[in-house]
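Presented below is the structure to which this report refers.
The values are calculated or read from the model by the stated rules, or taken from the named source; none is laboratory data. Here the structure is a predicted model, which is why all the values come from computation and not from measurement. Cβ: placed from backbone, ideal geometry, glycine included. Neighbour counts: every protein chain shown.
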Amino acid sequence: MAAPAQRRILRTAIPGPESVRLHAARAVTTAAGLGVTLPVFVAEAGGGIVVDVDGNHLIDMASGIAVTSVGASHPEVVRSVQEQVERFTHTCFLVTEYESAVEVARVLNRLTPGDHDKRTALFTTGAEAVENAVKIARTHTGRQAVVVLGHAYHGRTLLTMTMTSKNTPYKDGFGPYAPGIHRVPSPYGFRWPGDPDQVAAEAFAQLRDVVETQIGPHNVAAIVAEPIQGEGGFIVPPPGYLPAVAAYAREHGIVFVADEIQAGLGRTGAMFACDHENVVPDLVITAKALGGGLPLSAVTGRTEIMDAVAPGGLGGTYAGNPVACAAALAVLRIIEDEDLAGAARRIEEIAMPRLTALVGEDSWVGEVRGRGAMLALELIEPGTLNTTRTPAPAAARAVAAHCHREGVLALTCGTYGNVIRLLPPLVIGGELLRDALGVIEAAVASLGKGEHA
């Protein structure tokens, strides 16, 4: 099947009548706890376009939350999956082996930061990989404590929701939480009190103080950090922070774990977000873009750490599913062969000047930040840029709603719910991207007309 036409087309209101009908059926069949950003039902997708059941072509600035980096139906991924499905769909890698899982591990061992000897374990979801990274670190060190950052997001399972910072909707009412998790301040530059040039040093000093006075370095198994925080608001750590944390972890025998689930595999303009500062983690977690839309995740790391767990201690029924591995091998080839990290840099070059032009003392946009094709606008009450920087979550919802009405799929995020995040497929065309940016600009401009109420 050919990719849908790569242009925005609005045939009906968004959502259209058929989507409205299907959404009504969903409401009486699926649990209310499963939220939805935009109640449209998808008929097909490819490139930078999602086509709904009413024939509307929506510009995809979400990529299924950074999953479809190569597009939702790249021909090579489709072909690889079809060929694998014809051979077998499942045997369980822990029961009988297959070469595709070994090859995925081999490629990840090569691509992840550092030239040390590595091993990889494949899993299904990002949260599952995070949990296993913690298991591996605890086994290797013989310690239990895990240090995470404020504004972090690591998943929705018991352990990973404990590691996640934001209460609603991820944690509220779901306690008690997992023990042994300790939180330190995030180097959130836009909201850091004091000298902006001292954020890295001050945030690292606070991490060190918490570890040394409240936990004890000898009790810490792992420090787990997103090199760019995703759900927390696309928070880019200031230069020097991640290298300092990695060095501190190494000094004290602590496993430094990079959660690259959202930021990795070309999304930020480098193969991994850690690469921007030449940080070499002990363990790297990948998921999302890895499977190209099929559930696959991985933990890759130093052999002596990964092999600390005895045979049988890691795994899962669907871990490294052969169909997902087939998709991943195609995805990894595409990312390298088509230089999608370079494509992400070009997306930033097109988008960043237009987005930063929206920032101003009297603007709703307080800051634009991010790297590559992982960009965000933080919305604040106008006139508070140099004072309170009061979050404006209603304005963020209004911008997203405006984009949706005009056929651009955009997401909100942030601890305060006031951030618009942009995650276009890395294969999006320049003309389509510019069209989406125009809609976003118009959405911000509309806030002055009271649409944020």
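Evaluating Ala137 against the criteria (1) in contact with a Lys or Arg (Cβ under 7 Å, 6 or more places away or on another chain); (2) crowded, with 20+ Cβ neighbours inside 10 Å leaves one unmet condition, (1). For the stretch 342-393, a residue qualifies if it is assigned to a strand (DSSP E or B) and under 28 Å from Leu265 (Cβ atoms), and the qualifying residues are Glu367, Val368, Arg369, Gly370, Arg371, Met374, Leu375, Ala376, Leu377, Glu378. Just one of the numbered conditions (1) among the hydrophobic types (A, V, I, L, M, F, W, C); (2) closer than 28 Å to Tyr98 by Cβ; (3) within 13 Å of the chain's Cα centre (by Cα) is not true of Ile228: (2). Annotation: of all residues in the stretch 280-292 being hydrophobic (A, V, I, L, M, F, W, C) and surrounded by 23 or more Cβ atoms within 10 Å (Cβ to Cβ), the one that is farthest from Cys325 (Cα to Cα) is Leu283.
So, in the stretch 212-251, of the ones that are among the small types (Gly, Ala, Ser) and not in a helix (DSSP H, G or I), which residue ends up nearest to Val148 (Cα to Cα)? Spell out the reasoning first.
Within the stretch 212-251, the first condition is being among the small types (Gly, Ala, Ser), and the residues that meet it are 216, 221-222, 225, 230, 232-233, 240, 244, 246-247, 249.
Then drop every residue that is not not in a helix (DSSP H, G or I), which leaves 216, 221-222, 225, 230, 232-233, 240.
On the way: Gly216: 15, Ala221: 11, Ala222: 9, Ala225: 6, Gly230: 14, Gly232: 13, Gly233: 16, Gly240: 18 Å.
This residue is Ala225.
Listed here are the residues, each with its yes/no results for (1) more than 15 Å from Met352 (Cα to Cα); (2) outside the structural domain of Arg369 (by TED's automatic domain parsing); (3) surrounded by 20 or more Cβ atoms within 10 Å (Cβ to Cβ); (4) more than 18 Å from the chain's Cα centre (by Cα).
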site	(1), (2), (3), (4)
Thr384	yes, no, no, yes
Thr387	yes, no, no, yes
Ala398	yes, no, yes, yes
Arg405	yes, no, no, yes
Arg421	no, no, yes, no
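One residue is enough: does the stretch 80-88 have a residue meeting the conditions in contact (Cβ under 8 Å) with a residue 60 or more places away in the chain, in a loop (DSSP other than H, G, I, E, B) and outside the structural domain of Ala400 (by TED's automatic domain parsing)? The answer is yes; a qualifying residue exists.
Taking the criterion of being in the same structural domain as Val236 (by TED's automatic domain parsing), in contact (Cβ under 8 Å) with a residue 40 or more places away in the chain and surrounded by fewer than 16 Cβ atoms within 10 Å (Cβ to Cβ), would at least one residue in the stretch 165-177 satisfy it? Yes, because at least one residue in the stretch 165-177 is in the same structural domain as Val236 (by TED's automatic domain parsing), in contact (Cβ under 8 Å) with a residue 40 or more places away in the chain and surrounded by fewer than 16 Cβ atoms within 10 Å (Cβ to Cβ). Of the candidates Val148, Val134, the single residue that is in contact with a helix residue (DSSP H, G or I) (Cβ under 7 Å, 6 or more places away or on another chain), outside any helix (DSSP H, G or I) and not aromatic (Phe, Trp, Tyr) is Val148.
Give Gly126, Gly114, Gly48 a once-over and let me know the one that is at pLDDT 95 or above, on the phi > 0 side of the Ramachandran plot and not aliphatic (A, V, I, L, M). Give the derivation first.
Working: Gly126 fails: on the phi > 0 side of the Ramachandran plot; Gly48 fails: on the phi > 0 side of the Ramachandran plot.
Residue meeting the stated conditions: Gly114.
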